[in-house]
Amino acid sequence: MRRLSIIEGQLRGVTKMVEEERYFVDVITQTEAVTHALSGVENALLEKHLSKHAVDQMKKGQKTKAIGEILKIYQFAQRKK
C-alpha cells in the first residue's frame, strides 16, 4: 500500500506537469518512473502470490490448480514483452 501511495503521488505530479506544459522529456522521464514503480508492485504481488497461494495449492494436492495459476502468470508475463 505504501508503494501505491507513492505512485499515486508521482502520477499527480505528472498530471501537474502536463497541465503546466512542462518540457516533454521531463514529463516522459516521470511517466517512465511511474511505469517502473508499477512494475515493481506487480512483481511484489506476483512473488507473494506464487510463494503463498501456489505453494499452498500444491501442499493441498491441488497440483492442477496450481499449475493453471502459474501458467496464467506466465502468459501474462509473455504479453508484457
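Just so it is clear, none of the values below were taken in a lab; they were calculated from the coordinates. Predicted, not measured: the structure shown is a model, and the values here were computed from it. Backbone-built Cβ (ideal geometry, glycine too); neighbour counts: all protein chains shown.
Brief remarks follow.
- For the range 11-26, putting each phi into the Karplus relation 6.51 cos²θ - 1.76 cosθ + 1.60 with θ = phi - 60° gives couplings of 5, 4, x, 5, 4, 5, 4, 5, 4, 7, 6, 5, 3, 3, 4, 5 Hz, in residue order, rounded to whole numbers and with x for Gly and Pro.
- From helices alone, the chain scores -27500 deg cm²/dmol at 222 nm; the rule is -39500 (n - 2.57) for each run of n ≥ 4 DSSP H residues, then divide by the residue total.
- Rounded to the nearest 20 debye, dipole of the chain from Cβ charges on Lys, Arg, Asp, Glu: 740 debye
- Over the chain, equivalent-ellipsoid semi-axes from the Cα gyration tensor in Å: 37, 13, 7
- Residue order, fewest to most surrounding Cβ atoms within 10 angstrom, among His36, His53: His36, His53
- Per-residue HN-Hα couplings for the range 47-57 [Karplus 6.51, -1.76, 1.60; θ = phi - 60°; Hz; x = Gly/Pro]: 4, 5, 4, 5, 6, 9, 6, 5, 5, 4, 4
- Summary value for the chain: 24 percent relative contact order, contacts being C-alpha pairs under 8 angstrom separated by 6+ residues.
- Spin-label pair Ile67-Ala33: with each label point 7 Å from Cα along the Cα-Cβ axis, the two points sit 4.5 nm from one another.
- Projecting the Cα positions of Gln75, Ile7, Ser51 onto the charge dipole of the range 2-80 (unit charges on Cβ atoms of Lys, Arg, Asp and Glu, taken about the Cα centre) puts Ser51 furthest along the positive direction.
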